[in-house]
Amino acid sequence: MNKLLYKEEQRFKRWEVFTLLALLLIGASYHFVELYTSGAYEPGVLTLQYALIAIILTGALFYLWSIRLILKIDKNGIQYQFFPLHYRKHQVKWDEIDSFEFIDTPASAELSGWAVRLGTWERMFSVSGRTGLCLKLKNGQQLFIGTQHPGELKAALDNLPSH
């Protein structure tokens with residue numbers, strides 16, 4: 001069994017987003033009850049509209065609640081999983097890595113898809129924070145994996161046995 005050198009699990013913690021979605025759901029529910037009890041609208045259509053809104057808002061809440069980024073480093077390489085996008089762990093072996101460095105992403109990266117980008121040559125996964133490990137692979141691709149504990153991750157990479 002491989003000795004685990006570093007493990008981190010990040011969860012989506014933007015409480016202002018959760019609060020906004022919850023308030024929208026509560027407001028829509030209140031408005032639905034108000035319109036339904038007034039009798040001014042056809043109950044079937046009103047119920048269908050509310051059900052659609054409630055499903056979308058509840059689905060968004062559950063999706064954001066389920067997001068997590070798992071990062072593990074051992075002597076074989078780096079494993080990462082961005083759930084629910086990845087249902088299995090992805091591994092980058094040490095011999096596939098050309099170089100790596102720690103970088104800070106711009107503040108605007110947090111606003112663009114919450115730092116999840118999938119492109120032809122670049123993949124970026126971060127749940128919270130702007131600091132991360134940027135891997136340049138030998139096949140030309142780049143992989144950015146965010147971290148909430150850059151000091152601990154740096155220490156784990158410094159203590160790697162030669163690979």
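Before moving on, here are some points about what is shown:
- Residue that is farthest from Lys13 (Cα to Cα), among those in the stretch 61-92 that are surrounded by 11 or more Cβ atoms within 10 Å (Cβ to Cβ) and among the basic types (Lys, Arg): Lys75
- Scanning the stretch 120-138 for residues that are at pLDDT below 70 and in contact with a strand residue (DSSP E or B) (Cβ under 9 Å, 6 or more places away or on another chain) yields a count of 2.
- Filter result for Tyr36 (surrounded by 14 or more Cβ atoms within 10 Å (Cβ to Cβ), at pLDDT below 90 and farther than 18 Å from Val127 by Cα): yes
- Among residues of the stretch 28-43 that are assigned by TED's automatic domain parsing to the domain that holds Thr58 and without any contact (Cβ under 8 Å) to a residue 60 or more places away in the chain, those with a beta-carbon under 6 Å from a residue that is part of a helix (DSSP H, G or I) and of a type outside the set (A, V, I, L, M) at least six positions away or on a different chain give the pairs Phe32/Tyr50.
- From the options Tyr63, Tyr36, residue that is within 29 Å of Phe83 (Cβ to Cβ), part of a helix (DSSP H, G or I) and out of contact with any strand residue (DSSP E or B) (no Cβ under 9 Å at 6 or more places or on another chain): Tyr63
- Scanning the stretch 8-24 for residues that are part of a helix (DSSP H, G or I) and either within 17 Å of the chain's Cα centre (by Cα) or in contact (Cβ under 8 Å) with a residue 40 or more places away in the chain (or both) yields Trp15, Glu16, Val17, Phe18, Leu21.
- Test set (1) surrounded by 11 or more Cβ atoms within 10 Å (Cβ to Cβ); (2) at positive phi; (3) of a type outside the set (D, E, K, R) - Ala54 fails condition number: (2)
- Filter result for Gln49 (modelled with pLDDT of 90 or more, surrounded by 11 or more Cβ atoms within 10 Å (Cβ to Cβ) and closer than 19 Å to Ala156 by Cα): no
The values are calculated or read from the model by the stated rules, or taken from the named source; none is laboratory data. From a predicted model like this one, the values you see are computed outputs, not experimental measurements. Neighbour counts are summed over all protein chains in view; Cβ atoms, including those assigned to glycine, are modelled from backbone coordinates with ideal geometry.
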